[in-house]
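The structure appears below as structure tokens.
The values are calculated or read from the model by the stated rules, or taken from the named source; none is laboratory data. Source: prediction; values computed, not measured. Cβ coordinates were reconstructed from backbone atoms using ideal geometry, including for glycine residues, and neighbour counts include every protein chain displayed. All accessible areas refer to the heavy atoms of the entire protein, side chains included, with ligands and DNA or RNA removed. Shrake-Rupley method; radii C 1.70, N 1.55, O 1.52, S 1.80 Å.
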Amino acid sequence: MIDFNKVGKIYPNGTEALRDVTIQIPQGDFVAVIGLSGAGKSTLIKLVNKMHEPTSGVLTVNDTVVDSTLKGKTLRRFRRKIGMVFQSFNLIGRTTVIKNVLAARVADMGFFSSILGIYGTENKKIALEALNQVGILEKAYIRADQLSGGQQQRVALARTIAQNPDIILADEPVASLDPITANQVMKDFERINKNLNITVIANMHHVDMALKYAKRVIGIREGLVVFDGPSSQVNEELLKEIYGRELSDEDIMFKPDEE
Ligand code: ADP
């Protein structure tokens, strides 16, 4: 369970990115966070693994309070249960897919094994299973930079699964992919959420993709949560309230004439 209780975030330069956020996300939810650029979406998800720290209120993630006392070894252990997927994939291009995924296992390995790159059968099995979950097992021994964008995002997702997380945070995971590939990657998220009961919180630039895949939508406007409910409840009027304007082509991945 992730529990935001009146959480606020003011950056050191004085920017108030989030105000009075009170939301609860139970284990296994699939949440899309939507809103205009600069609304505070990224800040919201980055608070969950303490990439940023709340400046007011109380944030609790699986019984751990995320504040200045969470540091060092305890912070590293806390972060191991939270995977992160970025728009830019963040893979090591010149090494193989499986080695990229195995990187997620290093935290659980002994010091010598990790520096010698001796991963062991068990870790390899975990890595291969993760690749299988995202349907690219056959790419395991190919260099990561030889894959398409969509395949690279799937490797990034497999790397996150291999970490055995409770939560996956995804910052605009499909914004740089073409619509067909984006759908495939979102289906992977959907399957992982369902099969492994991993909580998924994704910032979504494209409203149609958010509504199609997430069960729950959190709408943010100027740092305030202005909507929190099932995606089935989101209508045009609500979107206007979240975005403060009519939707534009930019906000939608599949334009009507492409469907
Ligand atoms: P979104 O993800 O919705 O685009 P962000 O969470 O990135 O929004 O940003 C929310 C607000 O906080 C914006 O005004 C942004 O400029 C500001 N902001 C984000 N990161 C920082 C930072 N590290 N330092 C100062 N201001 C920031």
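The table below gives the values:
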item: Which listed residue, of VAL66, VAL61, VAL101, is buried (at least 20 other Cβ atoms within 10 Å of the Cβ), of a type outside the set (Ser, Thr, Tyr) and either touching a Ser or Thr at 6+ places or on another chain (Cβ under 8 Å) or on the phi > 0 side of the Ramachandran plot (or both); result: VAL66
item: Filter pass, ASP3 being more than 30 Å from ILE142 (Cα to Cα), surrounded by 15 or more Cβ atoms within 10 Å (Cβ to Cβ), away from the ligand (no atom under 16 Å from the Cβ) and in contact (Cβ under 8 Å) with a residue 60 or more places away in the chain; result: no
item: Selection count, the range 69-87, where residues are open to solvent by 70 Å² or more (accessible area, probe 1.4 Å) and either more than 30 Å from GLU246 (Cβ to Cβ) or assigned to a strand (DSSP E or B) (or both); result: 9
item: Near pairs, Cβ below 6 angstrom, 6+ apart or cross-chain, from the range 40-53 (under 19 Å from MET1 (Cα atoms) and open to solvent by less than 10 Å² (accessible area, probe 1.4 Å)) to any residue that is in a loop (DSSP other than H, G, I, E, B) and more than 7 Å from the ligand (Cβ to nearest atom); result: LEU47/PRO54
item: Exclusive hit being within 19 Å of LEU131 (Cα to Cα) and of a type in the set (Asp, Glu), set ASP171, ASP188, ASP178; result: ASP188
item: Residue in the range 17-34 that is open to solvent by 20 Å² or more (accessible area, probe 1.4 Å), over 15 Å from VAL58 (Cβ atoms) and within 7 Å of the ligand (Cβ to nearest atom) present; result: no
item: Complete set of residues in the range 35-58 that are part of a helix (DSSP H, G or I) and more than 10 Å from the ligand (Cβ to nearest atom); result: VAL48
item: Test: ASN197 is loosely packed, with under 15 Cβ neighbours inside 10 Å and in contact (Cβ under 8 Å) with a residue 24 or more places away in the chain; result: yes
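Residues are listed down the side, and each one gets a yes or a no for (1) touching a residue at least 60 places away in the same chain (Cβ under 8 Å); (2) surrounded by fewer than 18 Cβ atoms within 10 Å (Cβ to Cβ):
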site	(1), (2)
SER176	yes, yes
ALA182	yes, no
ALA202	yes, no
ALA210	yes, no
GLY223	yes, no
GLU237	no, yes
MET253	yes, no
